[in-house]
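Readers should treat all values here as calculations from the given coordinates under stated rules, not as data from a laboratory. None of these values were measured; they are calculated from a predicted model.
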Amino acid sequence: MSDTHLWSESTDFMEGLMAPADPVLEAVQRSADEAGLPQISLSPLQARLMQVLAGAIGARRILEVGTLAGFSGIHLARALPVDGKLITLEIDDRHADVAQANFERAGVADRVELIRGAAVDSLEQLAAEGCEPFDMAFIDADKVNNVNYLKWATEHSRSGALIVIDNVVRGGQVATGSDEDPSVAGTRAALRLAAEDDRLEATVIQTVGRKNFDGLCFIRRK
Ligand code: SAH
Ligand code: DHB
Ligand code: MG
């Protein structure tokens, strides 16, 4: 049996248990496909992991960089208390339109603030407004800015906060690829920062899905 076939069967089994059919989430993925958005959201099991972790740390304020259609954001928002808040940043208006409709569909729009524009600008604006520290940050947008996003999240999160970065393995390219690939270079630099900044404690979990080899970096703000 080929590895990819085994990964696919195992994914079906695990999703059947841990991420069972959910009409809202099915409608979210359908809306993304119909709008022609790229199929690059977290997998259902990964999104459930974000929900479990946000709940476990009792997160009340969560930052997400990279909204897409709102699939990961809905999972994060579902972990929030009623007075909690997810701030999610998206540069593409078309993605943001789809996501806003999906937050409403999921009944979490009251807990979600979707900010449009380049995330570095939105973060600068948030800092200028003196935003409260975050309990959790999920970084999943343009990889060239991963160091900027990690630095910002480090400065603006409470002690004990959790920072997660997606796509840190990229099929092994982050370990073996050239720094001339800006996404590889940006991700590698963020991993170095996570490893070397004394305020941070970090690890990486490598993942397989139906066909991809990738991973997530988990960082605790000391
Ligand atoms: N977190 C989502 C997937 C995000 S895909 C999920 O798991 O459901 C990455 C998203 O980041 C895309 O929607 C893309 O438009 C957005 N993005 C890319 N560059 C960006 C930037 N500079 N600022 C804000 N968003 C950006
Ligand atoms: C891409 C971006 C992502 O955040 C992801 O999870 C997968 C792919 C991309 O830009 O190709
Ligand atoms: Mg991603």
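Relative contact order for segment 3-221 using alpha-carbon pairs under 8 Å, separation at least 6, rounded to a whole percent?
Value for segment 3-221: 18 percent.
Rank Leu162, Leu42, Leu63 by mean-square fluctuation in a GNM of the chain with C-alpha springs under 10 angstrom and give only the top-ranked residue.
Ranking Leu162, Leu42, Leu63 by mean-square fluctuation puts Leu42 first.
Mind listing the Cα extents of segment 3-221 along all three principal axes, in Å, largest one first?
Ordered largest first, segment 3-221 gives principal extents of 43, 41, 32 Å.
Can you say what percent of the DSSP beta bridges in the chain, counting only those with both residues inside, are antiparallel? Round to 5.
Bridges in the chain that DSSP calls antiparallel: roughly 40 percent.
Divide the volume of the convex hull of the Cα atoms of segment 116-222 by its number of residues and quote the answer in cubic angstrom per residue.
Looking at segment 116-222, the number lands at 107 Å³ per residue.
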